[in-house]
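Read-outs: derived from the displayed coordinates by stated rules, not from any lab. Just so it is clear, the model here is predicted, and its values are computed rather than measured. Cβ coordinates were reconstructed from backbone atoms using ideal geometry, including for glycine residues, and neighbour counts include every protein chain displayed.
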Amino acid sequence: MKTLDRGGCARHTSCVRLVCMSTTNAEPLDLIPELDTLARSRISAEALMKAIVTLLYEKLGRYNWVGFYMLEKDGGEMLVLGPFKGALTPHTRIPLNQGICGAAASAGKTIVVDDVNSDPRYLACSLETKSEIVVPVFVSGKVAGELDIDSHSLAAFGTADRKLCEHATAIVGQFLEQGSR
Ligand code: SME
């Protein structure tokens, strides 16, 4: 969205300047109320995940790839790509013993990698990717999947990003848990 701002010129009250009001660089924690609104909507888990990846991808310019991987049902050892935004990835199925995605799901812990090229676990998705965060989704205390985000910037994910992503995965986990009752 663009808007006209009349505050740009101290001399001429008729002067205007164009200011871009695009919110592609929102503060991560400012998106938590929007996530909570999505959580209250009575949609499917798939639609909820789609809405979350769209929100994060569109509002945070440094989130260059945002997607969910979910574990195959029935004790499966394979992470399967779900809703995502960004370039197509060759990694549509990731075994639990591979990649940063596999490591986060196996450990049941958030992993933040400031420089993917210095992490031997990293499975390359795009040559432009520099840093990555992977956050598990828990259902009834067990890992059911994860949120994976790549950035073209080094060390793109700080404390606020981690809190935002862990909030997003908690919402998905609660939704799936309610559905399985
Ligand atoms: N980089 C991930 C693979 C998934 S792509 O980033 C989308 C990993 O190392 O597991």
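For the stretch 66-171, relative contact order (Cα pairs under 8 Å, six or more residues apart, normalised by length) works out to 25 percent.
The distance separating the Cα centre of the stretch 110-172 from that of the stretch 68-93 comes to 14 Å. Between the listed residues SER41, ALA155, SER140, the Cα displaced farthest toward the positive end of the dipole of the chain, a dipole computed from Cβ unit charges relative to the Cα centre, is found at SER41.
Once you divide the Cα radius of gyration of the stretch 23-181 by 2.2 N^0.38 Å, the number left is 0.95.
Based on Cα contacts under 8 Å between residues 6+ apart, the chain shows a relative contact order of 19 percent. Other residues within the sphere of radius under 14 Å centred on the Cβ of GLY99, judged by their own Cβ, net out at -4 (K and R +1, D and E -1).
Any chance you could count the Lys pairs in the stretch 83-181 whose alpha carbons are under 20 Å apart, treating pairs 8 or more apart or on different chains as valid? For the stretch 83-181, the number of qualifying lysine pairs is 4. With an a/c value of 1.5 or above and a/b not larger than b/c for the gyration tensor axes a ≥ b ≥ c computed over the alpha-carbon atoms, the stretch 21-80 is described as oblate.
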